[in-house]
Amino acid sequence: MTYAQGRTIHDADSHVMETREWLDPFMDNDLKGKLRPLYGREPGRIDKLLDQAKARKGDPEADAKAFEDPIAGPKGWIAAGAFDTAERTRVLDLFGFSSQLVFGTSSLAPALAAKDEGVMYAGVRAHNEAMAAFCRGDRRLLGVAYAPLDNPARALEEVNAALKAGNKAIMVSAGPAGERSPGHPDLDPVWARLEETGTPFMLHIGPGTKTQPMAFRNNGRERAPDLHGGGENLRFADYIMLSFAPQVWLTAMVYDGVFERFPALRGGIIEAGAGWAPEFLRELDLGFKSFGRTDPYLKAMALKPSEYIRRAVKFAPFPGEDAGRMIEDGGADLFMFSSDYPHPEGTNDPKGRFERTMGNLDEDARDRFYRRNFEEMMGERALAEV
């Protein structure tokens with residue numbers, strides 16, 4: 001019996017844990033010299049973890065143990081299938097998931113740190129090619145590329161290149177598109193291309209995420225380690241803010257008319273929590289009611305703001321959230337399962353944690369959560385070969 005236990009499950013959030021040389025095959029020497037090395041110039045904590053993972057692969061006893069129960073086993077770089085496609089295939093067989101969206105973990109960082117626009121886009125191209133290459137070995141693996149929207153023409157180029165490489169979704173920043181709103185007409189060719197190809201956009205923790213302002217960290221206390229025990233990731237006060245950027249971004253997409261102009265555009269909000277979504281929709285509609293009498297853009301809307309969101313967007317809760325309560329509150333059409341594997345935030349039993357909140361839900365609502373909402377978001381083209 002697989003972890004899915006006979007149920008059709010699509011996983012809306014998983015990750016690859018990149019090795020230090022992950023991007024090398026997709027960069028020429030000139031680009032390598034312009035981008036900072038992945039994980040810095042000197043060996044550190046992550047290199048030690050990668051050494052452990054590579055040592056495990058060469059130890060038959062340790063390797064067999066890693067596949068006994070990977071969902072409950074070690075996470076991060078030492079997890080089974082963390083950076084090896086053949087291993088991830090074995091993991092998916094054990095999980096029984098029908099498909100799995102795959103996001104990067106660290107390989108966007110060098111590109112996004114580049115100050116030169118050309119270097120940034122070239123680094124993003126390398127990341128997107130690497131994502132496609134990792135997923136190419138198993139049809140169930142659906143690669144998520146990234147497109148910086150700062151330069152609309154180059155953004156469209158990256159979308160086209162990412163899709164040609166085989167990626168199935170396009171992640172964008174949850175922040176502004178450079179100096180523009182993501183709803184600016186200059187970006188319409190990007191949204192048109194995604195709609196035309198049936199490719200969903202993705203917002204995910206990372207680019208554009210709002211974190212605790214620096215001044216609030218000046219609290220007279222030594223800074224605590226992050227969730228992973230290091231210093232690179234979010235802490236409690238940042239976690240509370242994860243939903244802020246997606247709400248601002250989605251509001252712009254509604255108000256600027258993107259979901260009106262592109263009615264078949266679909267997307268997902270991943271690893272930003274989801275318990276906030278029902279109240280966010282109510283607040284959108286309250287604002288629409290309050291300002292709609294005087295605002296010409298609101299007057300021109302054919303639907304209420306919440307209706308645009310329901311048509312276009314799905315949300316992935318964290319396993320620790322009360323999915324049953326939010327489905328009862330917001331409706332069964334909004335939410336979908338994710339494991340976050342092999343990140344530790346996914347816990348050692350994401351399905352079990354969700355199930356424990358779903359006692360009052362019927363089978364139709366459960367099937368939507370585990371299967372149909374994901375299929376509606378991804379569309380027929382992305383899942384045709386799965």
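The values are calculated or read from the model by the stated rules, or taken from the named source; none is laboratory data. Note that the structure is predicted; figures quoted are calculated from it, not measured. When we count neighbours, we look across all protein chains shown, and the Cβ atoms used for this are built from the backbone with ideal geometry, even at glycine.
Ser106 passes all but one of (1) farther than 24 Å from Ala384 by Cβ; (2) part of a helix (DSSP H, G or I); which number fails?
In the conditions (1) farther than 24 Å from Ala384 by Cβ; (2) part of a helix (DSSP H, G or I), Ser106 misses (2) alone.
Pairs under 9 Å by beta carbon, first residue farther than 11 Å from Glu158 by Cα and buried (at least 22 other Cβ atoms within 10 Å of the Cβ) in the range 116-132, partner among the polar types (S, T, N, Q) and modelled with pLDDT under 95, six or more apart or different chains?
none
Mind counting the residues in the range 26-53 that are within 13 Å of Ile78 (Cβ to Cβ) and at pLDDT 90 or above?
Number of matching residues: 8.
Can you tell me which residues in the range 4-28 are in a loop (DSSP other than H, G, I, E, B), over 11 Å from Ser106 (Cα atoms) and of a type in the set (A, V, I, L, M)?
Passing the criteria: Ala4, Ile9, Met27.
Tally the residues that are surrounded by 23 or more Cβ atoms within 10 Å (Cβ to Cβ) and either out of contact with any helix residue (DSSP H, G or I) (no Cβ under 7 Å at 6 or more places or on another chain) or over 24 Å from Pro74 (Cβ atoms) (or both), restricting the search to the range 8-22.
Qualifying residue count for the region: 6.
Does the range 44-67 contain any residue that is outside any helix (DSSP H, G or I) and buried (at least 16 other Cβ atoms within 10 Å of the Cβ)?
No, because not a single residue in the range 44-67 is outside any helix (DSSP H, G or I) and buried (at least 16 other Cβ atoms within 10 Å of the Cβ).
Quick check: anything in the range 133-141 under 22 Å from Ala174 (Cβ atoms), assigned to a loop (DSSP other than H, G, I, E, B), touching a Lys or Arg at 6+ places or on another chain (Cβ under 8 Å) and free of Cβ contacts under 8 Å to residues at least 60 places away in the same chain?
no
Ala72 passes all but one of (1) without any contact (Cβ under 8 Å) to a residue 24 or more places away in the chain; (2) exposed (fewer than 13 other Cβ atoms within 10 Å of the Cβ); which number fails?
All conditions are met except number (1).
Among the helices (runs of 4 or more DSSP H) lying completely within the range 159-273, list those that include at least 2 residues that are touching a residue at least 12 places away in the same chain (Cβ under 8 Å) and not basic (Lys, Arg).
Helices (runs of 4 or more DSSP H) meeting the threshold: 188-197, 236-239, 244-255, 258-261.
Hey, can you tell me all the residues within the range 319-351 that are of a type in the set (D, E, K, R) and either at pLDDT below 95 or more than 28 Å from Asn233 (Cα to Cα) (or both)?
Arg325, Glu328, Asp329, Asp333, Glu345
Suppose the filter is on the phi > 0 side of the Ramachandran plot and either at pLDDT below 95 or of a type outside the set (D, E, K, R) (or both); does Gly273 pass it?
Yes; evaluated as a whole, the condition is true for this residue.
What's the total number of residues in the range 149-158 that are in contact (Cβ under 8 Å) with a residue 40 or more places away in the chain and either more than 17 Å from Ile269 (Cβ to Cβ) or among the acidic types (Asp, Glu) (or both)?
Going through the range 149-158 one residue at a time, the tally reaches 0.
Of the residues that sit in the range 68-96 and are part of a loop (DSSP other than H, G, I, E, B) and more than 17 Å from Gly346 (Cβ to Cβ), which one is modelled with the highest pLDDT?
Asp84
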